[in-house]
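Beneath this line is the structure, given in structure tokens, with notes to follow.
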Amino acid sequence: MSNSGLQVVLSWDAPAGDGATTYRIERFSAGDGTVSLATAQTATTYTDSNLQPDTEYWYDVWATSNSVESVKASVSITTGAAVGAPDAPGNLTASEDTPGTVSVSWDAPAGDGATTYRVERFSAGDGTVSLATAQSGTTYTDSNL
């Protein structure tokens, strides 16, 4: 089982020797109660998406063979905190320093904790060009014009 953002991936081993053909999967949380996720799952993995942040979920899986269900296997996991996109930088300005060199500056978004910025340049001839993918400051000088 893994917890990636706000989805959980369940995985399990097929029961040995009983010929299980399908699996039934349920999820329980205090907010949603019991939710049936699958009644005839054939794979031994299941991805549960669109979960709530900071919430404990319990999962039950039953193997089925010839219409007879096994005893359930259970596991619980708590999702992590939601991570949202930061606000856009403000007050974006550009100025030509010398021929062929442009400086771009911006204000950091207020209160969202942005630590790096992606800087791109667009021109009709070149299209979009990525200049920096982890710029730590709030200025960038492009001298490749």
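The values are calculated or read from the model by the stated rules, or taken from the named source; none is laboratory data. A quick note: this is a predicted structure, and the numbers were derived from the prediction, not measured. Cβ placement follows ideal geometry from the backbone for every residue including glycine, while neighbour counts extend to all protein chains displayed.
When ARG27 is evaluated against the numbered criteria (1) within 23 Å of THR78 (Cβ to Cβ); (2) in contact with a strand residue (DSSP E or B) (Cβ under 7 Å, 6 or more places away or on another chain); (3) modelled with pLDDT under 95, which criterion, by number, is the only one it fails?
(3)
Report whether or not ASP13 is over 30 Å from TYR117 (Cβ atoms) and surrounded by 13 or more Cβ atoms within 10 Å (Cβ to Cβ). Write out each step before concluding.
Details: over 30 Å from TYR117 (Cβ atoms): yes; surrounded by 13 or more Cβ atoms within 10 Å (Cβ to Cβ): no.
Criteria not met by ASP13.
Do we have SER65 as loosely packed, with under 15 Cβ neighbours inside 10 Å, closer than 30 Å to ALA20 by Cα and modelled with pLDDT of 85 or more here? Outline the logic, then answer.
Working: loosely packed, with under 15 Cβ neighbours inside 10 Å: yes; closer than 30 Å to ALA20 by Cα: yes; modelled with pLDDT of 85 or more: yes.
So SER65 passes the test.
Do you know which of the residues in segment 89-114 that are out of contact with any strand residue (DSSP E or B) (no Cβ under 9 Å at 6 or more places or on another chain) and on the phi < 0 side of the Ramachandran plot is modelled with the lowest pLDDT?
Selected residue: ASP112.
Restricting attention to segment 114-128, report how many residues are among the charged types (D, E, K, R) and not in a strand (DSSP E or B). Please lay out each step first, then the result.
In the first step, residues of segment 114-128 are kept if they are among the charged types (D, E, K, R); the result is 118, 120-121, 126.
Next, from what is left, pick out any that are not in a strand (DSSP E or B): 126.
Number of matching residues: 1.
Do the conditions hold for ALA132, that is, is it part of a strand (DSSP E or B) and either in contact (Cβ under 8 Å) with a residue 12 or more places away in the chain or closer than 30 Å to SER36 by Cβ (or both)?
So ALA132 fits the description; yes.
Go through (1) closer than 30 Å to GLN135 by Cβ; (2) over 22 Å from the mean Cα position of the chain (by Cα); (3) of a type outside the set (A, V, I, L, M, F, W, C) for PRO86 and report which single condition fails.
Condition (2) is where PRO86 drops out.
Do the conditions hold for VAL71, that is, is it part of a loop (DSSP other than H, G, I, E, B) and at pLDDT 85 or above?
yes
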